[in-house]
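Written out below as structure tokens is the structure these notes cover.
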Amino acid sequence: MSDQLLKINELSVSVKDKSILHSVNLSIGVGETHVLMGPNGAGKSTLGYALMGNLSYHVDDGEILFENKPIQNETPDKRAKEGIFLSFQNPLEVPGITLSSFLRTSIQQRRGERIRVFAFKKEMEQAMELLSMDKFYADRDLNVGFSGGEKKKAEILQMLMLKPKLAILDETDSGLDVDAVRTVSKGIEEYQKNQQGSLLIITHSTRILESLRVDYTHVMVDGKIVCTGSAALIDEINQNGFESFLDQMQQK
Ligand code: ADP
Ligand code: MG
């Protein structure tokens, strides 16, 4: 058993007075990789946003413990500082702020200290090389005019440089071509192996998981985690779809 990093107890979440998550329990240990699967609209992204503290997602009940401390009343900034990172399904475009200055500011906020330009640039260039990103993206406005694949790579670049304790990746592989999936996966593998980071990977596709170690798989249906298993559960879902889980839900 590894040390506990995140513990969600009986978490219920609503959006605009509509109840979405119902008594969700989930524990993630230090260095563990968890995969969250489930049909569209099940509430997977809602869980990611609620963990990050997005104000549109209201915690009605339950608690979120990060390193044994309740965080459900903390701001998203505070949570990021504590070491939680969320990669968005649809990353925002930010005109007027370059990728490089955005990254440097985020890292300084996270670490609570100034980092030297030279050291920062060197670290950024190494990470960009790993992700096969052209260096000139560093001086472009964040995500403006980036292709889907480039936006996702920019998210993984942020993760590698911020070195969070827990990274939540929401459909980071959706809409990517084969090469981009491989590259993004290489970035996640670096985080998993060399930074010993913990992961909650929300995904529909298993291509991104091929080179990654998966410790646990969870299935979410109708705002509830209905099944938890090992990596083998992913193959089962691939073969049989979510139908059997939906049937189980109806019988309850
Ligand atoms: P998933 O990521 O599993 O596809 P979501 O968490 O995005 O599911 O959505 C779960 C449910 O919550 C859906 O019915 C969706 O319409 C609703 N929902 C999520 N976010 C919002 C929002 N900001 N406003 C209104 N409804 C939302
Ligand atoms: Mg989603």
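The values are calculated or read from the model by the stated rules, or taken from the named source; none is laboratory data. Note that the structure is a prediction, hence the values are computed from the model and not measured. As a convention, Cβ positions derive from the backbone with ideal geometry for all residues, glycine included, and neighbour counts pool all protein chains shown.
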Quiz item: Name the pairs: first residue in the stretch 171-188 and farther than 20 Å from Leu36 by Cα, second residue at pLDDT below 90, Cβ to Cβ under 6 Å, at least 6 apart or on different chains?
Solution: Ala180/Gly149
Practice problem: List every residue pair whose Cβ atoms sit under 7 Å apart, with the two residues 6 or more apart in sequence or on different chains, where the first one lies in the stretch 200-225 and is part of a loop (DSSP other than H, G, I, E, B) and within 16 Å of ligand 1 (Cβ to nearest atom) and the second, anywhere, is modelled with pLDDT of 90 or more and β-branched (Val, Ile, Thr). | Solution: Thr203/Val35; Gly223/Ile20
Exercise. May I ask you to list pairs of residues, at least six apart or on different chains, whose Cβ atoms are under 6 Å apart, with the first in the stretch 35-46 being at negative phi and the second being near ligand 2 (Cβ under 8 Å from one of its atoms) and assigned to a strand (DSSP E or B)?
Key: Leu36/Ile202; Lys44/Ile202; Ser45/Asp170
Practice problem: Give me the pairs, please: first residue somewhere in the stretch 121-143 and assigned to a loop (DSSP other than H, G, I, E, B), second residue anywhere and of a type in the set (Val, Ile, Thr), beta-carbon distance under 7 Å, and either six or more positions apart or on two chains. | Solution: Leu131/Ile156; Leu131/Thr183; Ser132/Thr183; Arg140/Thr98; Asn143/Val94
Quiz item: Would you call Ala119 modelled with pLDDT under 95 and over 17 Å from the mean Cα position of the chain (by Cα)?
Solution: yes
Self-check item: Residues within the stretch 76-120 that are in contact (Cβ under 8 Å) with a residue 40 or more places away in the chain and of a type in the set (Phe, Trp, Tyr), tallied
Solution: 3
Practice problem: From (1) touching a Leu at 6+ places or on another chain (Cβ under 8 Å); (2) closer than 16 Å to Glu129 by Cα, pick out the condition that doesn't hold for Leu166. | Solution: (2)
Practice problem: Just need a number here: residues in the stretch 53-87 that are crowded, with 19+ Cβ neighbours inside 10 Å and closer than 30 Å to Gly175 by Cα. | Solution: 8
Exercise. Please indicate, with yes or no, whether at least one residue in the stretch 37-53 is in contact with a Pro (Cβ under 8 Å, 6 or more places away or on another chain) and over 20 Å from Thr228 (Cβ atoms).
Key: yes
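Could you name every one of the strands (runs of 3 or more DSSP E) located completely within the stretch 5-113 that has at least 1 residues being within 13 Å of the chain's Cα centre (by Cα) and under 23 Å from Ala127 (Cα atoms)?
Once the strands (runs of 3 or more DSSP E) in the stretch 5-113 are filtered for at least 1 residues that are within 13 Å of the chain's Cα centre (by Cα) and under 23 Å from Ala127 (Cα atoms), what remains is 33-37, 84-87.
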